[in-house]
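Asks: Can you read through this structure? Questions will come right after.
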Amino acid sequence: MQNKELSRILDRKTGAIYIRVSTDKQEELSPDAQKRLLLDYANNNNIDVPAEYIFQDNGISGRKAKKRPAFQQMIALSKSKEHPIDVIIVWKFSRFARNQEESIVYKSLLKKNDVDVVSVSEPLVDGPFGSLIERIIEWMDEYYSIRLSGEVMRGMTENAMRGHYQSDAPIGYRSPGNGEPPVIDSGTVQIPLTIKDMFLSGSTLLQIARRLNDLGYRTKRGNLWEARGVRYVLENPFYIGKSRWNYTDRGRRLKPAEEVIYVDGNWEPIWDEETFNQIQAKLAANKRTIRSRDVSSTKHWLSGILVCSSCGSTLAYMRTSSYQGFQCWKYGKGQCEESHYIGVERVEELVIQYIDDILRADNISYRIVRSAPESDSQVADLQKQLARLSAKESRIKAAYQNGVDTLEEYKANKEALAAERKLLQDNISSLSSGSSDHDKAMLDKKMRQNISDLLTVLKDDSADYVAKGVMMRNLVDRIVFDRKNYSLDVYLKLVI
C-alpha cells in the first residue's frame, strides 16, 4: 500500500492550463467552464496546476500566436531554465493554435523542453497513429479558421456595399448601436467643422492641431491632436456621407485603389462633395518635400527657403538683442568659406522687389509640379519600357551577326526600334513637363495670378508670417542669395 502511494506521488506532474475565448460567434465553452473541466482533468490524472500557471486570453484570435500575451507568457515559462511545467492542458487543440505551422513550431519547441500538450476533448492514442490524428485535427481547425475569416470578410463587404457603417463613427458623430446609422454629435461636430474651415482658409495641418488643443478639443480617444489626425479627418469621405471600406490591410498600409469600396452611406453629411474635392486638391498641392518644414514651426516666413550661393545650404534665422537676420548655417560651423549674412528687413525688401519685377516681366520662368500621382506612375512605366529597348536592341544586333536576319531586316528592325524609343521619350517628356503648347497660355495666366496673390499678402502688414510662409512655399522652391553681388535668384513652381 505504501509502495502504491509513493508511486502515485512520484508519478505526479506539474501542469499549466491555457484558456482562450475567440472573437467569433462560434459555440464554445465559457472561460469558467473550460477552467473547471481542465482542472478536473488535471486532478484525475495526477497533475498539479498552481494558480499562477492558469493562463487565459479573452477575445483574441488564435491565428497569430504572437498577439496572445498570456500564451507567450506560458511558452516563455515552459522553456525557461527551471523547466517548471511538464504538460499544458487545453480544451481543444484549436485553443492552442489554429495555424498549423505555428502549432507545429510551438509544440516542437515544447517537446524539446519535455513539455506535452494535451487536449481534454480530443484524446489521442500513443504512437504515430495518434500523431497523424493530431495533424488532421489541426488541419481541420486551420481550414475552419480560414473559412470563417472569409465568411466574416464577405459579410462585412456586403454590409459596406449596402452603405452600413461597421466601425465606431469618427469624431463629430456617434453610433447609436442596434444597427442604427451614425448620427451627428452636437458635442463634437464643431471639431471637424473647425478643421475644414481653418484648412480652406490657409492654415497648415500643424497649425490646426495646435488651435484645436488650445481650444481644449481632444481626439476620439481623448488625446491631443496631431497633424496626422487632422489629415485623417480631411481625407475621410465619411463627412460627405460615403462609406470607405477595405482601404487598408491589417498593417494599416493603404491598399490599391481598385480594391477600395466607396458607397453612399445612410447618415447625414456635414459638408458636400464639392468641398471634399476642394480639400483633396489642396492637400495634394500642399504636399511638402522631405526637407521642407511646416511654416508654423519656423521663426520667419523665409526660413528654409533662403539658400547660400556658395555651398547651397539654407540660411538660418538669427536673432539677438541688437540684430536679426539670416546666415549660412555651415559658415557658422566653419564648413562654408563665405559669409552670407543679411538683415531681415533688407532681405524682405529684396524678395518683395524681386517678385514685383517678375510680375512685370514679359515671360516668367517656372517648373511644373504635378500633384496627381497617376502621372508619376505613368512616367515610371514608360521609363521601364524605355529601359527594355536596350535589351531588345542587343537581340536585334545578335540576330543579324549570327545570320538569323538579313541586313535589310536588321535595318528595318532598327528603324522600328528608333521610332518606338522616340514615342516613349516624347510621352515621358509630355507627362514630366505637365503642359503642352495648347495650355501654356492658361498655365502662364494662372502663374501670374498666383504671383500677384503672393505679392498682395507680402505687402500686407496685417498678414501674419504663417500666411506669408504658406503662400511662399506653395509658389517658391528656393531663393538663392549671392552676397558678393547682393542679388537674389528666385526659383518658382506651379502645382497643377
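Asks: Calculate, for residue 43 and residue 81, the FRET efficiency according to 1/(1 + (r/R0)^6) with r their C-beta to C-beta distance and R0 25 Å; round to the nearest 0.05. All intermediate terms of the calculation are to be shown ahead of the outcome.
Replies: On the way: r = 28 Å, r/R0 = 1.13.
Between residue 43 and residue 81 the formula returns 0.30.
Asks: Local charge sum around residue 195 (other residues, Cβ-Cβ under 13 Å, Lys/Arg +1, Asp/Glu -1)?
Replies: +3
Asks: Please find the FRET efficiency linking residue 360 to residue 419, where r is the Cβ-Cβ separation and R0 is fixed at 45 Å, and quote it to the nearest 0.05.
Replies: My answer for the efficiency is 0.50.
Asks: Hey, another quick one. Once phi is turned into ³J(HN,Hα) by the Karplus curve 6.51 cos²θ - 1.76 cosθ + 1.60 with θ = phi - 60°, what whole-Hz value does each residue of the stretch 278-284 show in order, with x for glycine and proline?
Replies: Using θ = phi - 60°, the values come out as 5, 5, 5, 5, 5, 4, 5 Hz.
Asks: Suppose each label sits 7 Å from its Cα in the direction of the beta carbon; what would the residue 411-residue 33 distance come out to in nanometres?
Replies: Reported label-point gap for residue 411 and residue 33 is 8.8 nm.
Asks: Let me check I've understood the local charge: for residue 461, count other residues with C-beta under 12 angstrom from its C-beta, Lys and Arg +1, Asp and Glu -1. What total comes out? Mind dumping the intermediate values first?
Replies: On the way: positive: 459, 468; negative: 348, 460, 464.
Summing Lys and Arg as +1 and Asp and Glu as -1 gives -1.
Asks: Let me ask something else. With every protein chain left in place, what is the accessible area of residue 493 in Å² (1.4 Å probe, nearest 10)?
Replies: 40
Asks: Would you kindly find the accessible area of residue 420, with a 1.4 Å probe and non-protein molecules such as ligands, DNA and RNA excluded, rounding to the nearest 10 Å²?
Replies: 70
The values are calculated or read from the model by the stated rules, or taken from the named source; none is laboratory data. Here the structure is a predicted model, which is why all the values come from computation and not from measurement. All Cβ positions, even for glycine, are placed from backbone atoms using ideal geometry, and neighbour counts span all protein chains on display. Only protein heavy atoms, including side chains, enter the accessible area calculation; ligands, DNA and RNA are left aside. Shrake-Rupley method; radii C 1.70, N 1.55, O 1.52, S 1.80 Å.
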